[in-house]
Amino acid sequence: MDVEGVQFIASSSKHADTIPPEFIRSSSEQPAASTLHGVRLEVPVIDLGCGDDEKMRRLVSEASSDWGLFQVVNHGIPDEVIAKLQEVGKQFFELPKEEKELIAKTPNSGIEGYGTSLQKEIEGKRGWVDHLFHNVWPPAAINYNFWPKNPSYRSLSLSLSLSVCVEANEEYTKRLLEVSDKLMKCLSLGLGLEEQELKVAIGGEDTIFLMKINYYPPCPRPDLALGVVAHTDMSALTVLVPNEVQGLQVFRDDHWYDVKYIPNALIIHIGDQIEILSNGKYKAVYHRTTVNKESTRMSWPVFLEPPPELEIGPISKLVNEENPAKYKTKKYKDYGYCKLNKIPQ
């Protein structure tokens, strides 16, 4: 990697009472000072198996307008499928450093691969996180060069081979496609559109499902560091599975709050592209992640992204004299470049 991974830094400093200065956030960002302590935010929880489609659509639309974030239960993805996905991801980050770096990002690989840096940070600051990105859908977008291949590591007599990773990811992705279709229909109907219009607007069958595995090792000074700095997701929609360690925070009513997890629920983030397409009716959630002194936090978000060349702007049916377009129309690749490099859109 171009810079030292956080996992290595954490292992070298686990008995220290300090962290390198590039990880220490400004006083206004430090979690100890900026979190509203003693309050855990209970974001909307929506039952996708309730059998009442009208109620489900209404709740998804309301949560997307008011919160930009909600959790879904009875989503149809078995607990064992999620557990298998999590186990494979955990095993990858337990590999020796040299094996992880076999699939490290390169100057020509784009976002896919193993790494630690993602976006331009003010004053060279860094997040306390390593990650692995790889596309999981559609098949034409998958590049197995950025998946683990034949490592020597063994865990519980299980080889973390490419076939094991593929099996775990394919089973989860197959189920996730069904969940995302259901959510996109709810979101589309909530805007007064036909049920497929929003899905088509983000790319239809060419929509890219980009998985990111976040690995936040124990941090000696979680009061000073952040895993990921405050941001909105540049995707259309994000579907996230966390492990059991708290870390997601949402900014609401001028405060940062911890989000209360529900075991095996999926956490849904509205991303920038759906905010743009809805002309602001749906809100991209402003969030960040904290880290833990004793425990490793991990998460598995899947970002639903438009194809790079697709132009995204407010849907014409949602724009009129009383409600003019609030956002520019631009290719998704151009939006992403500006977002990651802190260039005004």
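Pop out the carbon and sulfur fraction of the accessible area of the chain as a percent, whole number, probe 1.4 Å. If you can, show how the numbers build up before the last one.
Values: 8080 of 15640 Å².
For the chain, the apolar C and S fraction of the accessible surface comes to 52 percent.
Can you work out the FRET efficiency for the pair residue 104 and residue 175, with r the C-beta to C-beta distance and R0 = 22 Å, to the nearest 0.05? Display every interim value, and only then the final one.
Values: r = 29 Å, r/R0 = 1.34.
Efficiency, from the Cβ-Cβ distance: 0.15.
When +1 charges are put on Lys and Arg Cβ atoms and -1 charges on Asp and Glu Cβ atoms, the dipole computed for the chain relative to its Cα centre reaches about 560 debye. For Rg/Rh (Cα atoms, Kirkwood Rh), pick the label among (i) 0.98; (ii) 0.95; (iii) 1.09 that corresponds to the value derived from the coordinates. Given (i) 0.98; (ii) 0.95; (iii) 1.09, the structure-derived one carries the label (ii). Take the range 70-133 with all the other protein chains still there, run a 1.4 Å probe, and you get 44 Å² of accessible area per residue.
Counting each DSSP H run of 4 or more residues in the chain as -39500 (n - 2.57), what helix-only mean residue ellipticity at 222 nm follows after dividing by all residues, to the nearest 500 deg cm²/dmol?
On the way: 9 runs with 93 residues, N = 345.
Computed mean residue ellipticity for the chain: -8000 deg cm²/dmol.
For residue 342 and residue 42, calculate 0.36 nm times their separation in residues minus their Cα-Cα distance, and state this gained length in nm to one decimal. Can you show the working numbers first?
On the way: separation 300, 0.36 × 300 = 108.00 nm, distance 3.12 nm.
Taking 0.36 nm per residue and subtracting the Cα distance, the gain is 104.9 nm.
Gain on full extension, evaluated as 0.36 nm per residue between residue 229 and residue 26 minus their Cα-Cα distance, stands at 72.0 nm. Farthest toward the positive end of the dipole of the chain, out of 6, 210, 85, is the Cα of 6, where the dipole comes from beta carbon charges about the Cα centre.
When only the Cβ of Lys, Arg, Asp and Glu is charged (+1, +1, -1, -1), the dipole of the range 256-331 relative to its Cα centre reaches about 180 debye. Take every Cα pair under 8 Å in the chain that's 6+ residues apart, average their separations, divide by the length, and report that relative contact order as a whole percent. It comes to 23 percent, rounded to a whole number. Between residue 81 and residue 97, the simple spin-label model (points 7 angstrom out along Cα→Cβ) gives 3.8 nm.
Loop only by DSSP, 16 or fewer other Cβ within 10 Å of the Cβ. Give me the GluC sites (Glu not before Pro) in the range 203-280 that pass, ordered by residue number.
Working: sites: 205, 244, 275; in loops: 244.
When the GluC sites (Glu not before Pro) of the range 203-280 are filtered for loop state and at most 16 Cβ neighbours within 10 Å, 244 remain.
Among the listed pairs 84/212; 105/330; 97/125; 55/182; 283/328; 185/212, which are separated by more than 18 Å between their Cα atoms? Don't jump to the answer; show the numbers that get you there.
Numbers: 84/212 16 Å; 105/330 26 Å; 97/125 23 Å; 55/182 13 Å; 283/328 16 Å; 185/212 24 Å.
Going by Cα-Cα distance, 105/330; 97/125; 185/212 fall outside the 18 Å limit.
Could you provide, to the nearest whole Å², the per residue accessible area of the range 212-345 with probe 1.4 Å? Intermediate values should be presented prior to the final figure.
Working: 5330 Å² over 134 residues.
Per residue, the range 212-345 has an accessible area of 40 Å².
Kindly sort 102, 277 by accessible area of their heavy atoms, largest first, with the probe set to 1.4 Å. If you can, show how the numbers build up before the last one.
Numbers: 102 135, 277 5 Å².
Ranking 102, 277 by accessible area, largest first, yields 102, 277.
Solvent-accessible surface of protein heavy atoms, probed at 1.4 angstrom with all chains present, puts 266, 224 in the order 224, 266, largest first.
The values are calculated or read from the model by the stated rules, or taken from the named source; none is laboratory data. These figures come from a predicted structure and were not determined experimentally. Heads up, the Cβs are rebuilt from the backbone with ideal geometry, glycines too, and the neighbour counts pull from every protein chain shown. Each accessible area value is taken on the protein alone, full model and side chains, heavy atoms only, with ligands, DNA and RNA left out. Shrake-Rupley method; radii C 1.70, N 1.55, O 1.52, S 1.80 Å.
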